[in-house]
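Report on the structure given below.
The values are calculated or read from the model by the stated rules, or taken from the named source; none is laboratory data. Predicted model only: the values in this text are computed from it and were never measured. All Cβ positions, glycine included, derive from the backbone under ideal geometry; neighbour counts span all protein chains shown. For the accessible areas, the whole protein counts, side chains as well, though only heavy atoms, and no ligand, DNA or RNA atoms are used. Shrake-Rupley method; radii C 1.70, N 1.55, O 1.52, S 1.80 Å.
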Amino acid sequence: MSHPSDVLFERMREVVEAPGYHLLQHYKQDFYKYDRQQLVDSFTPDMSYLWVVREMGTHLFPLYIDPRITNEAHAALSIQSSAQDIFIVGPKGLKKIELQRALDELKHYDYKVGLQGVFKMGRLLAEIDVRVVWAESRQKGEVEYRSELPIIALTPRDRIALQRIALGQVINKSQSLFTPCTEVTYNGISLLHETQALEEECPA
């Protein structure tokens, strides 16, 4: 089944499958399974990613959204025991960059969480309420966004950002990487698919 991110994935595939390409010799499922799923889950026409390719696998991170994702990207970039290629992947395709440029990109956010809620480019997007509750001997997180903006005013990237921010806020409040975020609502309307729960964990 085709997906809007297929064109971008094919551009990335051209890199790792180019004749003589010296990286991604092992753990290729990082790219073909996990990077592909990351694109399917988070792609919007204006989304940008940081893509790290090594001999022993790949990492793909949405950019400019949430400090938790940035921390994971920093951890990936800190592994300098082997050669790596770093790319910005986004609306303009792929661009290979140096490590310092990658670190600079990770300093920027389009969305930030403050005392009043989530801000987009300095303007309040939505107030946020984070709850951690116990169910069946397990913690789970629930996040409620409230805003004067109707949900129809959210861009696809706003929706992805609010989902990812919700997960990060649940992790912060529960102090556990393993607490699933099972409910995210915006003005009472779910931002998750009916069967979807955000149960991401920090990569090992």
Quiz prompt | Antiparallel %, DSSP beta bridges [both residues in the chain], to 5 | solution = 90
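Count neighbours as other Cβ atoms within 10 Å of each site's Cβ, and list the chymotrypsin sites (Phe, Trp or Tyr not before Pro) in segment 1-93 that are DSSP loop with at most 16 such neighbours.
Here the chymotrypsin sites (Phe, Trp or Tyr not before Pro) that fit, given the DSSP loop and packing criteria, are Tyr21, Tyr27.
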Practice problem: Using only Cα atoms, tell me the angle between helix 156-174 and the longest principal axis of the chain; keep it within 0 to 90° and round to the nearest 10. | Solution: 70
Exercise. Once you've got the GNM for the chain with C-alpha springs shorter than 10 Å, pick whichever of Pro180, Pro156, Pro19 has the biggest mean-square fluctuation.
Key: Pro19
Exercise. Please determine, in degrees from 0 to 90 and to the nearest 10, the orientation of helix 6-16 with respect to the longest principal axis defined by the Cα atoms of the chain, where the helix direction is its Cα long axis.
Key: 40
Quiz item: What list of ³J(HN,Hα) couplings, whole Hz, do you get for segment 47-57 from phi and the Karplus terms 6.51, -1.76, 1.60, once you set θ to phi - 60° and write x for glycine and proline?
Solution: 7, 10, 9, 9, 10, 10, 10, 10, 4, 9, x
Quiz prompt | Over the chain, relative contact order from alpha-carbon pairs under 8 Å, at least 6 apart, % | solution = 15
Self-check item: For segment 1-77, diffusion coefficient by Stokes-Einstein and Kirkwood Rh (Cα), 25 °C, 0.890 mPa s, µm²/s
Solution: 188
Quiz item: Not counting the cut sites, what is the longest span of the chain without GluC sites (Glu not before Pro) that DSSP labels loop and that have at most 15 other Cβ atoms within 10 Å?
Solution: 149-193
Quiz item: Cross-link partners among aspartates and glutamates for Lys28, C-alpha distance below 12 Å, same-chain residues fewer than 8 apart left out?
Solution: Glu17, Glu55
Exercise. Per DSSP H run of n ≥ 4, the term is -39500 (n - 2.57); total these for the chain, divide by its residue number, and report the mean residue ellipticity at 222 nm rounded to 500 deg cm²/dmol.
Key: -8000 deg cm²/dmol
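Per residue, how much accessible area does the chain show when a 1.4 Å probe rolls over the protein heavy atoms, in square angstrom?
On the way: 11430 Å² over 204 residues.
Per residue, the chain has an accessible area of 56 Å².
In segment 29-119, which trypsin sites (Lys or Arg not before Pro) fall in coil by DSSP and have 16 or fewer other Cβ atoms within 10 Å?
Lys92, Lys107
Of all accessible surface on the chain at a 1.4 Å probe, what whole percent is carbon and sulfur?
52
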